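Just dropping this structure here.
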Amino acid sequence: MRRLALAAVSAIVAMRAFAQEPGQSEREHVPPDPPQTRVHAMPYHEMAEMMGMDDRRRFGKVMIDRLEWRDGDSSIYEWDAAAWYGGDFNKLWIETEGEHVGGSSDDARVDVLWDRIATAWWSTRLGLRQDFGEGPSRSWVALGIAGLAPGFVELEAMAYVGDGGRTALRLSTEYDLLLTQRLVLQPQLEVNAYGHDDPERLIGAGLSDIEIGLRLRYEIRREIAPYAGVSWSKRFGDSADLARAAGMDTDEFSLVAGFRLWF
Amino acid sequence: MAHESARIDAQPMDRLKQFGRRRFVQGLAGGALLLAYGRGRALAAGSAPAELTGPDFHLTIDELPVNYTGAARRAVAVNGQVPAPLLRMRQGDTVTIRVTNNLREPTSIHWHGFILPADMDGVPGLSFNGIAPGTTFTYRFKVNQSGTYWYHSHSRFQEQVGLYGPIVVERRGGERHGADREHTLLLSDWTDHDPEHIYATLKRQSDYYNFGKRTAADFFADVRKQGFSAAAADRRMWGAMRMNPTDLADVTGYAYTYLLNGTTPAANWTGIFSPGERVRLRLINGSSMSFFDVRIPGLKLTVVATDGQDVEPVTVDELRIGTAEVYDVIVTPGDAAYSVFAQSMDRSGYARGTLAPRAGMTAEVPALDARALLAMTDMGMNHSGMDHSQMDHSNMDQGAMPKVLHAPAEAGPIVDMRTDMPNARLDDPGIGLRDNGRRVLTYADLATLGGPIDRRVAAREIELHLTGHMERYIWSFNGQKFSDAEPLRFTHNERLRIALVNDTMMTHPIHLHGMWSEITDANGKFVARKHTVIVQPGQRLVYEVTADALGSWAYHCHLLYHMEAGMFREVVVA
């Protein structure tokens, strides 16, 4: 009996809902006619071309993070630059860093890497590194990660394996502190460590050297920023001993000035 | 409120030259100098947009030399005009629109908000093959609806460089909300930069155009206000997420000069009325990337329609119009001049014009409001002690939200955040408009007359998340770019519910082609019928759709560069 009453009530409710008069919008709405023609089925690249819309497009960027002069006994010019080309997931990533002392190239490195995004903030990097300059040149296989750590700290950590079982680690990190919308203070840190001695390149096993920089740049445009700052570097352990033996300083403090550019 | 004497912007040229930056933002006082040679047709500066009356139209698309800021540029124009001419149609007519492409590249025109056969919708690759250079395509469809709409290119970035115009469809039997006079107010964002370069720049440095970021000085100001630990905790929280609370617009006044009816703020477009008249203003946001907060100091705005659909009149001081949205408002001005003030959501600039009983009058132009900061509520997170929101939360919670389900792809590398506690917030005017002392329109104020187009209860629900990665400038639905996603499939004639959950920190205008989006409140009750729906950060917005339009349709974010970057889906109704 109760079940019957319930059924009756729900039937009435349902009927009322059904019997509800169509509103003015429903009476006036006219569904469109079916299309007379259809676009032929096509692969993504053809559709992207036709739409003039392509979320797989590749871009490139050249970044000269540091192109700078350092004060010292002899004038030293230093560079740190990178370039990438590719899509959202895979990029060819090339970076180079080094210094010229008195016209001769001294300690330079080029990495050619495949950058593949792995997580929201990190990508993996795999490729080759070549060292040039003083002493014999060295070749390495490179493997590492790069990305944005919490707190907007840019970080790159690379491990290298070279001929003769040589190994190396390199960590570089930087942070942009906005003093104004265009005046930016950038602390920067780079650490190098090696698994084996390489006396011909003044490298000893273990922690080899640290460089800390603090640069203040003014972005005339985002892409063009002159800067000035300070840099301090220090060699450690066997690397320091090798440098001393070669008559070089093991730590160095310098004023720097240069340009940061990208396009 | 209106002061004839307070001339703020309409400065002579020489005065403007003293302020290069100012000139750029405000544009030339001389107006959009449409230097017309060749096939372009001359248009007097500041004149009313040309109007064409149907049912037969012929539109010719050409490049046109223009100069808005002192720099010569090329726009894409329709019949020699930017914006394109107003098309006036009558409800019930079958219109024929021939479009001739004189460009060196393909083009297309999409009739935004029109319910029409899929092959007339104007999206290359989905509706048709586009309009090749040197050819003419004929659109023909029956206009069953009425109201204010607009049209724009759906090819590449042509919309950014001028191919947009208004459409007015006159209602059979007369307007529900009568007026003595009407003006169309079409807002847009002109740039002297090449849009291809803007997009590439966003890919290279996504915060390139944001000159409102928080600085060290802001930190010390916060320390003074909140104490060191609160200020530091706030920076830590944003830093941990690697999110920027000032990210309100991807492209800003740094690159944009905001236009009203194709006219710069300095050139001051003026609409004439007779005192005491009821004036209907047809507000269209035809910009590529900009949200505008519109008000007319001294006048109440009575909103009578949105997206062409008549609503129960509601009177406000201000409204936010998202990219591609449309509002019709009625004002009753007295014997004075009034500024139409449309500031961009990030407060980096404004479009401006004047309503006046006589030409040459001006009124005071308000200062830009302060920039707002995104708060935890904007991310659909639990409001903790560090919430800066000016909002009153007590009236925000409209019922318990269903559990959020993130698609597997959202765990992937192209999604930078996920909202776990989205809220309905239909009564939230949005970031930067909360508690500003003015009565600001919200979606909760809208009530479309005549009810929904379909009484049926939605038989199923699709939950779609708006996702992205700001730093990498990748935008998507459910963590999948268009190129990686299968089409969404609707069954012909089904009534379905779409729940959009905004997992990003940006406000997105979402446009479903071919079918109406009928917004419902948290209780499932019909609110408003729209073609473009703003979804705020951390919001779960629900609308119902009747899939009565066979064919392939575009479904996308109407921020042009978000669409390009992947925030686009194909919808197939079969």
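Out of all the residues in the stretch B:233-280, which are among the aliphatic types (A, V, I, L, M) and at pLDDT 95 or above? Write out each step before concluding.
Our first condition is that a residue be among the aliphatic types (A, V, I, L, M); within the stretch B:233-280, this holds for B:233, B:237, B:240-241, B:243, B:248-249, B:251, B:255, B:259-260, B:266-267, B:272, B:279.
Hits for the stretch B:233-280 are B:Leu248, B:Ala249, B:Val251, B:Ala255, B:Leu259, B:Leu260, B:Ala266, B:Ala267, B:Ile272, B:Val279.
Would you mention how many residues in the stretch B:101-119 are outside any strand (DSSP E or B) and either touching a Ser or Thr at 6+ places or on another chain (Cβ under 7 Å) or of a type in the set (Lys, Arg) (or both)?
Filtering the stretch B:101-119 for residues outside any strand (DSSP E or B) gives B:102-106, B:108-109, B:113-119.
Adding the requirement that they be either touching a Ser or Thr at 6+ places or on another chain (Cβ under 7 Å) or of a type in the set (Lys, Arg) (or both) leaves B:102, B:104, B:106, B:108-109, B:118-119.
The total comes to 7.
Out of the residues in the stretch A:158-170 meeting the condition of being buried (at least 18 other Cβ atoms within 10 Å of the Cβ) and of a type outside the set (D, E, K, R), tell me which one is nearest to B:Pro413 (Cα to Cα).
Going through the qualifying residues, I end up with A:Met158.
Here's another thing I want to ask about it. In the stretch B:162-177, how many are assigned to a loop (DSSP other than H, G, I, E, B) and away from chain A (no Cβ under 13 Å)? Don't jump to the end; show me each part of the working.
Start the filter on the stretch B:162-177 by keeping residues that are assigned to a loop (DSSP other than H, G, I, E, B), which leaves B:162-163, B:171-177.
Narrowing the set further to residues that are away from chain A (no Cβ under 13 Å) leaves B:162, B:174-175, B:177.
Total meeting the criteria: 4.
Another question, then. If B:Pro275 satisfies all but one of (1) assigned to a loop (DSSP other than H, G, I, E, B); (2) touching a strand residue (DSSP E or B) at 6+ places or on another chain (Cβ under 9 Å), what's the number of the condition it fails?
(2)
Residue by residue, here is whether (1) hydrophobic (A, V, I, L, M, F, W, C); (2) in contact (Cβ under 8 Å) with a residue 40 or more places away in the chain; (3) farther than 20 Å from A:Pro35 by Cβ; (4) more than 14 Å from chain A (Cβ to nearest Cβ) holds:
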site: B:Leu59; (1), (2), (3), (4): yes, yes, yes, yes
site: B:Glu63; (1), (2), (3), (4): no, yes, yes, yes
site: B:Ala75; (1), (2), (3), (4): yes, yes, yes, yes
site: B:Ala132; (1), (2), (3), (4): yes, no, no, no
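Right, another one. Looking at the stretch B:299-316, is at least one residue part of a strand (DSSP E or B) and either at positive phi or among the basic types (Lys, Arg) (or both)? Can you show your working first?
Kept after step one, since they are part of a strand (DSSP E or B), are these residues of the stretch B:299-316: B:301-306, B:309-316.
Filter again for either at positive phi or among the basic types (Lys, Arg) (or both), leaving none.
Checked against the condition, which is being part of a strand (DSSP E or B) and either at positive phi or among the basic types (Lys, Arg) (or both), the stretch B:299-316 yields no hits at all.
Determine if the stretch B:140-149 includes at least one residue that is surrounded by fewer than 24 Cβ atoms within 10 Å (Cβ to Cβ), of a type outside the set (S, T, N, Q) and more than 20 Å from A:Pro31 (Cβ to Cβ).
Within the stretch B:140-149, not a single residue is surrounded by fewer than 24 Cβ atoms within 10 Å (Cβ to Cβ), of a type outside the set (S, T, N, Q) and more than 20 Å from A:Pro31 (Cβ to Cβ).
Out of (1) acidic (Asp, Glu); (2) more than 11 Å from chain A (Cβ to nearest Cβ); (3) assigned to a helix (DSSP H, G or I), what's the single condition that is false for B:Asp247?
The one condition B:Asp247 does not meet is (3).
I'd like the residue in the stretch B:197-213 that is in contact with a strand residue (DSSP E or B) (Cβ under 7 Å, 6 or more places away or on another chain) and within 7 Å of another protein chain (Cβ to nearest Cβ) and, out of all such residues, is surrounded by the most Cβ atoms within 10 Å (Cβ to Cβ).
So the first thing to find is which residues in the stretch B:197-213 are in contact with a strand residue (DSSP E or B) (Cβ under 7 Å, 6 or more places away or on another chain), and the list is B:198, B:200, B:203-204, B:213.
Among the residues that remain, those that are also within 7 Å of another protein chain (Cβ to nearest Cβ) are: B:200, B:203-204, B:213.
On the way: B:Ala200: 15, B:Lys203: 22, B:Arg204: 19, B:Lys213: 15.
Across the stretch B:197-213, the extreme among qualifying residues is B:Lys203.
While we're here: Mind listing whichever residues of the stretch A:117-129 are more than 9 Å from every other protein chain (Cβ to nearest Cβ) and surrounded by 15 or more Cβ atoms within 10 Å (Cβ to Cβ)? Break it down into steps so the answer makes sense when it comes.
Filtering the stretch A:117-129 for residues more than 9 Å from every other protein chain (Cβ to nearest Cβ) gives A:124-129.
Within the stretch A:117-129, A:Thr124, A:Arg125, A:Gly127, A:Arg129 qualify.
Considering the stretch B:99-130 alone, what residues qualify as being within 12 Å of chain A (Cβ to nearest Cβ) and either touching a Leu at 6+ places or on another chain (Cβ under 8 Å) or polar (S, T, N, Q) (or both)?
First pass over the stretch B:99-130, keeping only residues within 12 Å of chain A (Cβ to nearest Cβ): B:103, B:105-108, B:110-111, B:114-130.
Those that are within 12 Å of chain A (Cβ to nearest Cβ) and either touching a Leu at 6+ places or on another chain (Cβ under 8 Å) or polar (S, T, N, Q) (or both): B:Thr107, B:Ser108, B:Ala118, B:Ser127, B:Asn129.
Pull up the stretch B:137-161, narrow it to residues that are assigned to a loop (DSSP other than H, G, I, E, B) and touching a helix residue (DSSP H, G or I) at 6+ places or on another chain (Cβ under 7 Å), then point me to the one that is farthest from B:Gly276 (Cα to Cα).
Going residue by residue through the stretch B:137-161, those that are assigned to a loop (DSSP other than H, G, I, E, B) are B:143-146, B:153-161.
Subsequent filtering for residues that are touching a helix residue (DSSP H, G or I) at 6+ places or on another chain (Cβ under 7 Å) retains B:157, B:159-161.
Details: B:Phe157: 42, B:Glu159: 37, B:Gln160: 37, B:Val161: 38 Å.
The qualifying residue farthest from B:Gly276 (Cα to Cα) is B:Phe157.
Among the residues of the stretch B:191-202, is there at least one that is without any contact (Cβ under 8 Å) to a residue 40 or more places away in the chain and over 24 Å from the mean Cα position of the chain (by Cα)? Give the derivation first.
Initially, the stretch B:191-202 is screened for residues without any contact (Cβ under 8 Å) to a residue 40 or more places away in the chain, giving B:194, B:196-197, B:200-201.
After this cut, where a residue has to be over 24 Å from the mean Cα position of the chain (by Cα) as well, the list is none.
Looking for residues that are without any contact (Cβ under 8 Å) to a residue 40 or more places away in the chain and over 24 Å from the mean Cα position of the chain (by Cα), one finds none in the stretch B:191-202, hence no.
Next up: Any residue that is within 22 Å of the chain's Cα centre (by Cα) and farther than 18 Å from B:Ser287 by Cα - is there at least one of those in the stretch B:88-96? If you could, list the steps in order and put the result at the bottom.
Just the residues of the stretch B:88-96 that are within 22 Å of the chain's Cα centre (by Cα), to begin with: B:88.
This time we only want the ones that are farther than 18 Å from B:Ser287 by Cα, so: B:88.
Scanning the stretch B:88-96, I find at least one residue that is within 22 Å of the chain's Cα centre (by Cα) and farther than 18 Å from B:Ser287 by Cα, so the answer is yes.
Could you list, in sequence order, the residues of the stretch A:170-213 that are more than 14 Å from chain B (Cβ to nearest Cβ), under 18 Å from A:Arg70 (Cα atoms) and not acidic (Asp, Glu)?
Within the stretch A:170-213, A:Gln188, A:Leu189, A:Ile210, A:Ile212, A:Gly213 meet the criteria.
For the stretch B:307-348, name all the residues that are surrounded by fewer than 24 Cβ atoms within 10 Å (Cβ to Cβ), more than 20 Å from B:Asp445 (Cβ to Cβ) and touching a residue at least 60 places away in the same chain (Cβ under 8 Å).
Across the stretch B:307-348, the qualifying residues are B:Pro333, B:Asp335, B:Ala336, B:Ala337, B:Arg347.
Same structure, new question: Being touching a helix residue (DSSP H, G or I) at 6+ places or on another chain (Cβ under 9 Å) and touching a residue at least 60 places away in the same chain (Cβ under 8 Å) is true for just one of A:Arg57, A:Arg138, A:Arg66. Which residue is that?
Numbers: A:Arg57 fails: touching a residue at least 60 places away in the same chain (Cβ under 8 Å); A:Arg66 fails: touching a helix residue (DSSP H, G or I) at 6+ places or on another chain (Cβ under 9 Å).
Answer to the check: A:Arg138.
Out of the residues in the stretch A:101-113 meeting the condition of being surrounded by fewer than 16 Cβ atoms within 10 Å (Cβ to Cβ) and at pLDDT 95 or above, tell me which one is farthest from the chain's Cα centre (by Cα).
Here the answer is A:Val110.
In addition: For A:Leu92, only one of the following conditions fails: (1) under 30 Å from A:Pro199 (Cα atoms); (2) more than 14 Å from chain B (Cβ to nearest Cβ); (3) surrounded by fewer than 18 Cβ atoms within 10 Å (Cβ to Cβ); (4) not aromatic (Phe, Trp, Tyr). What is its number?
Result: A:Leu92 passes all but (1).
Now for a separate question. All but one of (1) away from chain A (no Cβ under 11 Å); (2) more than 21 Å from B:Gln539 (Cβ to Cβ) hold for B:Ile453; which doesn't?
Condition (1) is where B:Ile453 drops out.
For the stretch A:64-83, which positions are at pLDDT 95 or above, surrounded by 18 or more Cβ atoms within 10 Å (Cβ to Cβ) and farther than 15 Å from A:Tyr227 by Cβ?
If the condition is that a residue be at pLDDT 95 or above, surrounded by 18 or more Cβ atoms within 10 Å (Cβ to Cβ) and farther than 15 Å from A:Tyr227 by Cβ, then A:Ala82 is the only one that fits.
Tally time: how many residues in the stretch A:84-100 are among the charged types (D, E, K, R) and more than 17 Å from the chain's Cα centre (by Cα)?
Initial filter on the stretch A:84-100 (among the charged types (D, E, K, R)): A:88, A:91, A:95, A:97, A:99.
Then drop every residue that is not more than 17 Å from the chain's Cα centre (by Cα), which leaves A:99.
Adding up the residues that qualify gives 1.
Continuing with this model, one more query. How many of the residues in the stretch B:214-243 are facing another protein chain (nearest Cβ under 9 Å) and either under 26 Å from the mean Cα position of the chain (by Cα) or not in a helix (DSSP H, G or I) (or both)?
3
Among the candidates B:Arg540, B:Arg569, B:Arg529, single out the residue that is within 29 Å of B:Leu248 (Cβ to Cβ), within 9 Å of chain A (Cβ to nearest Cβ), among the charged types (D, E, K, R) and over 16 Å from the mean Cα position of the chain (by Cα). Even if it seems obvious, please write down each step before you answer.
Details: B:Arg540 fails: within 9 Å of chain A (Cβ to nearest Cβ); B:Arg569 fails: within 9 Å of chain A (Cβ to nearest Cβ).
That would be B:Arg529, the only listed residue that is within 29 Å of B:Leu248 (Cβ to Cβ), within 9 Å of chain A (Cβ to nearest Cβ), among the charged types (D, E, K, R) and over 16 Å from the mean Cα position of the chain (by Cα).
Please note which strands (runs of 3 or more DSSP E) are completely contained in the stretch B:417-530 and include at least 2 residues that are surrounded by fewer than 20 Cβ atoms within 10 Å (Cβ to Cβ). Full working, then the answer.
Values: elements: B:460-469, B:474-477, B:488-490, B:495-502, B:508-512, B:517-520, B:526-530.
Here the list reads B:460-469, B:488-490, B:495-502.
Taking the conditions exactly as written (more than 12 Å from chain A (Cβ to nearest Cβ) and touching a residue at least 12 places away in the same chain (Cβ under 8 Å)), does B:Thr96 satisfy them or not? Before the answer, list the steps.
Details: more than 12 Å from chain A (Cβ to nearest Cβ): yes; touching a residue at least 12 places away in the same chain (Cβ under 8 Å): yes.
Answer is yes for this residue.
The values are calculated or read from the model by the stated rules, or taken from the named source; none is laboratory data. Owing to the predicted nature of the structure, the values given are computational and were not obtained by experimental measurement. A quick note on method: Cβ atoms are made from the backbone with ideal geometry, for glycine too, and the neighbour counts reach across all protein chains shown.
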